[in-house]
1. How many of the residues making up region 59-94 are out of contact with any Ser or Thr (no Cβ under 9 Å at 6 or more places or on another chain) and open to solvent by 70 Å² or more (accessible area, probe 1.4 Å)?
2. Can you go through F97, F153, F169 and tell me which one is at pLDDT 90 or above and either surrounded by 13 or more Cβ atoms within 10 Å (Cβ to Cβ) or within 14 Å of the chain's Cα centre (by Cα) (or both)?
3. Mind checking whether some residue in region 37-55 is open to solvent by less than 90 Å² (accessible area, probe 1.4 Å), out of contact with any Asp or Glu (no Cβ under 6 Å at 6 or more places or on another chain) and either farther than 23 Å from R163 by Cα or among the polar types (S, T, N, Q) (or both)?
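The values are calculated or read from the model by the stated rules, or taken from the named source; none is laboratory data. Fair warning: this is a prediction, and the values are worked out from it, not measured in the lab. Cβ atoms come from the backbone with ideal geometry, glycine included; neighbour counts cover every protein chain shown. Accessible surface is based on the protein model in full, side chains and every heavy atom, while ligands, DNA and RNA are left aside. Shrake-Rupley method; radii C 1.70, N 1.55, O 1.52, S 1.80 Å.
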Amino acid sequence: MNPADKLNQFRGSIDRQKLTEKAVEKWHWMALTGIFLLALLLRYAPEQGMQYLQAADPYMIFRMSQHIALEGTLPQLDFSRYFPYATPTYVMNQGDFIIPALLYNTGFGLFFENFLEWAQFYPALMGALSVVVMYFFGKEVFDSKKVGVASAFFLATLPGVMRRTSAGFFEKEPIGT
């Protein structure tokens, strides 16, 4: 049997009615996938060959997170803050440093040339993932898939949240959202 005959046999075995029913039944997963991709696109759009991060504070978080990702430890003191006195790193919020470094070392680093490119992409990814969490929250609270999809869409397109989770804003907001 040649490949064309196998393909025709496979096409004949597909129950289009059942496939349509399954697609209608699982519409919310397709909608959530589209909203996730929309959120990622909207948040990563400002990147466009960005060479720098978008603010001063992200550089402090970037330095500490990069140190953890590449060296495996956090320095005891940060000499770049409050000159001439160093800031002990144990007084800082550790999650802002550890989570991006951990994700970078668990496989995301394979897709980026250096840690700066990861630091620019990371907020957009976290903002898009928050849309998925919002879907489940809205679905659970109101016991409706439609409310879950609507709440995910609103979070994906809300300008106030989008600004703080866009590419290059390597801060605490991407995790906090």
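1. Number satisfying all stated conditions: 10.
2. Working: F97 fails: at pLDDT 90 or above; F169 fails: at pLDDT 90 or above.
Answer to the selection: F153.
3. Yes, region 37-55 contains at least one residue that is open to solvent by less than 90 Å² (accessible area, probe 1.4 Å), out of contact with any Asp or Glu (no Cβ under 6 Å at 6 or more places or on another chain) and either farther than 23 Å from R163 by Cα or among the polar types (S, T, N, Q) (or both).
So that you can scan it fast, the table gives a plain yes or no per residue for (1) of a type in the set (A, V, I, L, M, F, W, C); (2) under 17 Å from the mean Cα position of the chain (by Cα); (3) farther than 25 Å from S144 by Cβ:
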| residue | (1), (2), (3) |
| --- | --- |
| R16 | no, no, yes |
| T20 | no, no, no |
| M30 | yes, no, no |
| I35 | yes, yes, no |
| L38 | yes, yes, no |
| L53 | yes, yes, yes |
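This table checks each residue for (1) surrounded by fewer than 17 Cβ atoms within 10 Å (Cβ to Cβ); (2) aromatic (F, W, Y); (3) part of a helix (DSSP H, G or I); (4) without any contact (Cβ under 8 Å) to a residue 24 or more places away in the chain.
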| residue | (1), (2), (3), (4) |
| --- | --- |
| A124 | no, no, yes, no |
| V131 | no, no, yes, no |
| F137 | yes, yes, yes, yes |
| V141 | yes, no, yes, yes |
| M162 | no, no, yes, no |
